[in-house]
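Encoded as structure tokens, the structure appears first; notes follow it.
The values are calculated or read from the model by the stated rules, or taken from the named source; none is laboratory data. Just so it is clear, the model here is predicted, and its values are computed rather than measured. Cβ atoms come from the backbone with ideal geometry, glycine included; neighbour counts cover every protein chain shown.
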Amino acid sequence: MTSYARQVRAIIWKDLLLELRTRERLGAMGAFAVLAAILFNYSIDKTTTRPDDVAAGLIWMTIVFGGLLGVGRTFYLEAQDSALQGVLMSPTPKDAIFLAKTFANFTLLYVVSLLVLGVFTLFFGLDLGSNVWAIALVLGLGSLGFVALGTLFAAISTGTSMGETLLPILVFPLLVPMVIYGVGATGRLIAGRPFLEVDGNVRMLGAFALMAVAAGAVLFRFVVED
Amino acid sequence: METAGLRRGGTALTLLGLAGLVLVYWMSFFWVSTEMNQGIAQRIFYVHVPAAWTAFLAIGIAALTSGMYLWLRDDRLDRAAMCAAEGGLVFGTIMITTGPLWGKIAWGTYWTWEPRLTLTLLLWFIFLGYFMVRNSTEDPEKGKRFAAVVAIVGALDIPFIHVSVLWFRSLHPEPVVANVDGPALPGDMLTTLLTSVAVFTVLFLGLYLLRYSLESLRAEVDTRARRAVA
Amino acid sequence: MSVLATPVLGAEEVAAEEAAAEETVLEARGLVREYGPVVAVDEIDLGLSAGEFLTVFGPNGAGKSSLLGMLGGAMRPTRGEVLIRGEELSYADVEWRSHVGMVSHRGFLYARLTVEENLRFYGRLFGVERLDERIAERLKRVGLQNRANFQVRHLSHGMRQRVSLARALLHDPAVVLLDEPYTGLDPSAASVLRGVLAELRDGRRTVVMVTHNLKEGLELATRVAIQVAGRFAWEGVRGEVDHDNFERHYHRVVEGRA
């Protein structure tokens, strides 16, 4: 195993172990998702709107807001006792740190995304049918792009005096493409349309995720240097 | 030395731009023919579109100089990025205030999810984030780095925002108004638009150079003051 | 690294070591660090060879931690450069970081991981060989072999500092940097620290310690510097230091009367 792979694995292991032990972020994001779904349920007048029509948008909004809750905390855990400083002083390339943290965050957010999908399916009585895998793919690509930008900008906002309040202001404008393509694809898949109709969206989500991961890997070193 | 030359260049360009602006206003008020469907309000177009173009020019310059700043760590590059972003914020503000004015009269609504309008609004928020990040760190050097990252990621994201809002628009047909895709425009309107774009570019660059030299002078005053103390 | 870990040296190694001792291990040239208008470190030059132990004293805000941060690659110099064995350290490079260990009053530990997990994590980042043995050995040295499976948050401050010490020296660094290591230590932790620091004077390492504790600082130092307002206002070697009157000397330097 190269040292790069070993270091990436060590950080992923550490992040997931910490999460398993505290369940801080998964718990917060999961509870947020379920509660948001309940509120959203009452925000729809079912005599005028069919839940199926708006479910995709609500699913994505829940993921974005809930995800921000979890991703925003990434570096607070690290900041205690300056642990991140210790990692930065180790011979670990900064892009390895970024990729590892993005992967760990992605794992968490993807679990939450699937939970959100399940909760909305249950609460809104959606019938996903055979499109469930395609929707899972769309949510996965969306989560990846989101987490990459979120991790990069969480590192920035943690370093400012405004802290977490700054994070949505920085990432929301950038997330517009992800929301547009993600909601578009999810909505059509929920409506039972074939995957072929959304493969353009899926490709754009993939390209967006790729851009976000690459930009983060290159730029992260400038964010964490002291 | 260096700033004096920049200041002269900036002043010359700004004066040229202001003179050009008089020409643009004359053209758009008296010379160009009135658009058939939207009437007189369409003339806002000749300020609106060039302002938007300038804002995009600004994010381009800001991202480029930010990238070079992260690489070379020369404060002059950071100043160049910051001044471009400031220009972008100003011209972006012109764009998002003229847009609704035009929209209200032409389409009867202040806001429409016209892709270019949406894109510029988001760009405006990216510039806003740039300055919020910059001003909320204790160590100014850190703020410069953070802001540079915001500008670069913002510029990278803009193509994605652009195609996505276009795609979104294609799903929600709205009254098609001005087809601004160049050649479809009647001759005199195109001439006016291109003149205005050129004038706005010159004006932006002039103001940009002036702003940059002001910032350089400020930095020099800081350094001298510090030396005097030490 | 494993060579350095060997406690007993053969004749060849001793010879190699004597040759190494001539060489400057840790060097700083014109080091400057600014925070906006504040100059924390102002043109500091430094050259230390293996076996040297430099203690930097100075009042709060003299820029001692910034100096140490730059030497350890935790902080990017505004100007100037740091060299390890004549090689200029690029802040972006990572390889040389495995030769540097930093002990700070901040522990760099994850409170929710156990002692052993913390060490394992850092050991993997540093690519420490035979990690299990090394962890066991280091924990024994700081007297925490019975606490390996305790989460760090359940330990006292003194114990955490000992874990932190084990963490910093896990990869057997040639350059050891100590940032106020005695801050808040109970007597037993301080005694462990003193013992470990004494072991660092094995002739193969270069140590820089930053502190305002005059007594602890002088004990092991081969060279002493007093940093005031970002500069070394006074420098001396061990023989030149008058231990009994050092405190008076220190205050005179800090107040600018020396």
Under the condition of being more than 9 Å from A:ASN131 (Cβ to Cβ) and surrounded by 21 or more Cβ atoms within 10 Å (Cβ to Cβ), which residue from the range A:189-201 is farthest from the other protein chains (Cβ to nearest Cβ)? A:VAL198
Within the range A:127-164, residues closer than 25 Å to A:ARG73 by Cα and out of contact with any helix residue (DSSP H, G or I) (no Cβ under 9 Å at 6 or more places or on another chain) come out as A:SER161
Where residues in the range A:148-162 are among the aliphatic types (A, V, I, L, M) and within 23 Å of B:GLU141 (Cα to Cα), which of them is farthest from the other protein chains (Cβ to nearest Cβ)? A:ALA154
Of the conditions (1) among the aromatic types (Phe, Trp, Tyr); (2) touching a helix residue (DSSP H, G or I) at 6+ places or on another chain (Cβ under 6 Å); (3) assigned to a helix (DSSP H, G or I), B:PHE131 clears all except one; give me its number. (2)
Condition set out of contact with any Pro (no Cβ under 7 Å at 6 or more places or on another chain) and basic (Lys, Arg), scope the range C:72-118, selection farthest from C:GLY47 (Cα to Cα): answer is C:ARG112
Could you check, for the range B:48-62, whether at least one of its residues is crowded, with 16+ Cβ neighbours inside 10 Å and closer than 30 Å to C:ARG79 by Cβ? yes
Pick from the range C:122-163, criterion surrounded by fewer than 16 Cβ atoms within 10 Å (Cβ to Cβ) and under 18 Å from C:SER104 (Cα atoms), ranking: modelled with the highest pLDDT: C:ARG153
Only residues that are more than 7 Å from chain A (Cβ to nearest Cβ), aliphatic (A, V, I, L, M) and surrounded by fewer than 24 Cβ atoms within 10 Å (Cβ to Cβ): list them for the range B:147-162, please. B:ALA155, B:ILE158
Restricting to the range C:105-116, give me the number of residues that are more than 7 Å from chain A (Cβ to nearest Cβ) and either buried (at least 22 other Cβ atoms within 10 Å of the Cβ) or touching a strand residue (DSSP E or B) at 6+ places or on another chain (Cβ under 6 Å) (or both). 2
Across the range A:88-100, the tally of residues that are farther than 25 Å from C:ARG160 by Cα and more than 7 Å from chain C (Cβ to nearest Cβ) stands at 6
Mind checking whether some residue in the range A:68-87 is polar (S, T, N, Q), buried (at least 19 other Cβ atoms within 10 Å of the Cβ) and within 14 Å of another protein chain (Cβ to nearest Cβ)? yes
Since A:LEU18 meets every condition but one in (1) crowded, with 18+ Cβ neighbours inside 10 Å; (2) more than 11 Å from chain C (Cβ to nearest Cβ), which condition does it not meet? (2)
Quick one: in the range A:120-165, which of the residues that are free of Cβ contacts under 8 Å to residues at least 12 places away in the same chain and within 17 Å of B:MET132 (Cβ to Cβ) is surrounded by the fewest Cβ atoms within 10 Å (Cβ to Cβ)? A:SER161
Does the range C:222-234 contain any residue that is out of contact with any Pro (no Cβ under 9 Å at 6 or more places or on another chain), without any contact (Cβ under 8 Å) to a residue 60 or more places away in the chain and not in a strand (DSSP E or B)? no
Yes or no: A:ALA215 surrounded by fewer than 22 Cβ atoms within 10 Å (Cβ to Cβ), modelled with pLDDT under 95 and touching a Leu at 6+ places or on another chain (Cβ under 7 Å)? no
Looking at A:LEU35, A:LEU16, which is the one that is free of Cβ contacts under 8 Å to residues at least 24 places away in the same chain and assigned to a helix (DSSP H, G or I)? A:LEU35
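Please work out if C:GLY63 is more than 7 Å from every other protein chain (Cβ to nearest Cβ), at positive phi and out of contact with any His (no Cβ under 7 Å at 6 or more places or on another chain).
Yes: the conditions hold for C:GLY63.
Here's the yes/no breakdown for (1) out of contact with any Lys or Arg (no Cβ under 6 Å at 6 or more places or on another chain); (2) assigned to a helix (DSSP H, G or I); (3) facing another protein chain (nearest Cβ under 9 Å); (4) within 25 Å of B:ALA147 (Cβ to Cβ):
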{"position": "A:PHE123", "(1), (2), (3), (4)": "yes, yes, no, no"}
{"position": "A:GLY145", "(1), (2), (3), (4)": "yes, yes, no, yes"}
{"position": "A:GLU164", "(1), (2), (3), (4)": "yes, yes, no, yes"}
{"position": "A:PRO177", "(1), (2), (3), (4)": "yes, yes, yes, yes"}
{"position": "A:GLY187", "(1), (2), (3), (4)": "yes, yes, no, no"}
Does C:VAL192 count as farther than 27 Å from C:VAL32 by Cα and β-branched (Val, Ile, Thr)? yes
In the range C:189-218, which residues are closer than 20 Å to C:HIS243 by Cβ and in a loop (DSSP other than H, G, I, E, B)? C:ARG201, C:HIS212, C:ASN213
Quick check on this structure: which one of C:LEU131, C:LEU125 is over 25 Å from C:GLU52 (Cα atoms) and at the interface with another protein chain (Cβ under 9 Å from one of its Cβ atoms)? C:LEU125
For residues that are in contact with a Ser or Thr (Cβ under 8 Å, 6 or more places away or on another chain) and more than 10 Å from chain A (Cβ to nearest Cβ), scanning just the range B:89-146, find the one that is surrounded by the fewest Cβ atoms within 10 Å (Cβ to Cβ). B:ILE96
